[in-house]
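Okay, so here's the structure we're looking at.
Each reported figure results from applying straightforward, stated rules to the coordinates on display, with no laboratory input. In this text the structure is predicted, and so the values were computed from the model without any measurement. Methodologically, a virtual Cβ is constructed for each residue, glycine included, from the backbone with ideal geometry; neighbour enumeration extends over all protein chains shown.
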Amino acid sequence: MNRKLLTILLVSFLIASACGFLVWKIVGARMNAAKPVVTTRVMAAANDIPLGSLLAAKDLTTVEIQGPVPKGAILKQEELIGRGVTSELYQGEPILESRLAPPGSGGGLASTIPQGMRALAVKVDQVVGVAGFVIPGMRVDVLASGNPPGATSATQGTVTKTILQNIQVLSAGTDITKDNEGKPQQVQVVNLLVTPEQAQTLSLASGELKIQLVLRNPLDTKIAKVSNDSMGQIFGEQGAAAPRGVRRAPKAAAKVFTVEVINGNKSSQEKFKSPEAKQ
């Protein structure tokens, strides 16, 4: 066969293949565009909903989601009415089961307490620790200062001990949310999220000792080993003189022994101190 004819046939085959592939892509794209997209309508927040609120019909709307439905999404409005919000919801955000309190538990602070935990109020003032500088969601350590049982201020002084670490602030004052600008507020009561055992410790300490809050980085969850500090350690009084009013025991008088030495017709007396006196 003529080589020129073979070349023409080969080029024609390649052009036809390219055209066929292009037509297949165009037709496939149009078919996919014409295919209906499966969507699901789920319940969402109609406006920004603060923490602790009870959901009402005016707070709810619906949005369409393409593809798989998010885990915990709620499809019916009647399943949301009257339920408390345990985490802030924003306008247009789908409402998930994990962001709500169980049915019948109501709203407010109580609905935000997880199972097995407790909320304990700690009274603070504007100069104690970081009072007035904490907002809900922050993490703090709790310090207690006072005189240990059986100790006196003359021998040891005030002792400070870290009794709790990495404790979440549940609310500040009467508010369980931040203010409009997200800034802290001056408060006299801070509610801390603790276990029942921690609640007992904190309640006992707050009744007898001075409580201070120490702010920490929320990403720092490490529990540090902290030794107790006393006033005597701070001022280095371990080797100092005895405190006023404490008398030191007097030293015992040294014993002296007299020995008579006779040398011929002469005699003399020698005095020696006891071994204890030499020490």
**Rg followed by Dmax, in Å, when the range 57-112 is reduced to its Cα trace** = 11.5, 36
**Item:** Per-q log10 I(q)/I(0), the range 42-144, q = 0.20, 0.24 Å⁻¹ (Debye; single scatterer per alpha-carbon; no solvent)
**Value:** -0.99, -1.26
**Request:** At 0.36 nm per residue, minus the direct Cα-Cα distance, what do L96 and C19 gain on full extension? Give it in nm, one decimal, please.
**Result:** 22.7 nm
**Asked** What is the calculated FRET efficiency for A121 to S87, with r their C-beta to C-beta distance and R₀ = 22 Å, to the nearest 0.05?
**Response** 0.55
**Fill in**
Here FRET efficiency (C-beta to C-beta, N166 to V37, R₀ 41 Å, nearest 0.05) is 0.35
